[in-house]
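The structure appears below as structure tokens.
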Amino acid sequence: MKIGFIGAGNMGGAIIGGMVSDGIAEASDIIVTDLCKTRVNELVRQYNIKQGLSNAAVAAAADMLFLCVKPNVVYTVIDEIKDSVKDDAIIVSIVAGQSIKRLESGFGRRVKLVRVMPNTPALVGAGMAAVVPNTYADSADTEKVLEI
């Protein structure tokens, strides 16, 4: 499974680090992009993951796509990627304050979406998260997200 990350801030980086450290995903299967190229380069060096060329390229490659951006830019990002996301991809949003319904509407089509709200102890591998799927994400999709 190819796992894409759009946004590589503290929480995105923590999720990547946990996945690689716990062996949940192979580093070679993780691709990341962020406006801050220094941060992307840091994660690529630290975890040996791949750097995406663009948000749309990451979306096109991902079987599971994490949206780890700030609420004020999430719909700009969705506009960039909505035509690139695979039909069967699972989109995981950790974007604060954005409802499932509003996020779905940005894509303009049916997408499998799981909203996750992690808490800050996740930054040190000791957190917990609320996880809610939309109606198009089935129990197997949700289980994949819960594994991570």
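The values are calculated or read from the model by the stated rules, or taken from the named source; none is laboratory data. Quick caveat, the model's predicted, so the values are computed rather than measured. Glycine gets a Cβ as well: all are built from the backbone with ideal geometry, and neighbour counts include every protein chain shown.
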Q. Which of the following residues is β-branched (V, I, T), within 29 Å of S21 (Cβ to Cβ), out of contact with any Asp or Glu (no Cβ under 9 Å at 6 or more places or on another chain) and crowded, with 22+ Cβ neighbours inside 10 Å: V95, V73, V132?
A. V95
Q) When you look at V44, is it modelled with pLDDT of 95 or more and within 25 Å of D138 (Cα to Cα), yes or no? A) no
Q) Residue check: is I15 at pLDDT below 95, surrounded by 22 or more Cβ atoms within 10 Å (Cβ to Cβ) and assigned to a helix (DSSP H, G or I)? A) yes
Q.
When you scan the stretch 82-98, do you find a residue that is at pLDDT 95 or above, touching a Ser or Thr at 6+ places or on another chain (Cβ under 7 Å) and over 22 Å from V40 (Cβ atoms), even just one?
A. no
Q: Spot the failing condition for R110; the list is (1) farther than 18 Å from M19 by Cα; (2) surrounded by 14 or more Cβ atoms within 10 Å (Cβ to Cβ), and only one is missed.
A: (2)
Q. Is it the case that some residue within the stretch 49-61 is small (G, A, S), crowded, with 19+ Cβ neighbours inside 10 Å, within 26 Å of D138 (Cβ to Cβ) and in contact with a helix residue (DSSP H, G or I) (Cβ under 7 Å, 6 or more places away or on another chain)?
A. yes
Q. Can you spot a residue in the stretch 34-47 that is free of Cβ contacts under 8 Å to residues at least 60 places away in the same chain, in contact with a helix residue (DSSP H, G or I) (Cβ under 9 Å, 6 or more places away or on another chain), closer than 20 Å to V114 by Cα and part of a helix (DSSP H, G or I)?
A. no
Q: Scan the stretch 95-104 and give yes if some residue there is more than 15 Å from G4 (Cβ to Cβ), in a helix (DSSP H, G or I) and hydrophobic (A, V, I, L, M, F, W, C), otherwise no.
A: yes
Q. What pairs come up if the first residue lies in the stretch 86-105 and is in contact (Cβ under 8 Å) with a residue 24 or more places away in the chain, the second is surrounded by 12 or more Cβ atoms within 10 Å (Cβ to Cβ) and in a helix (DSSP H, G or I), and their beta carbons are under 7 Å apart, counting only those six or more places apart or on different chains?
A. I90/D141; I90/K144; I90/V145; V92/V145; S93/L103; I94/M11; V95/V74; Q98/V74
Q: Report yes if some residue within the stretch 68-79 is touching a Lys or Arg at 6+ places or on another chain (Cβ under 8 Å), of a type in the set (A, V, I, L, M, F, W, C) and touching a residue at least 40 places away in the same chain (Cβ under 8 Å); otherwise report no.
A: no
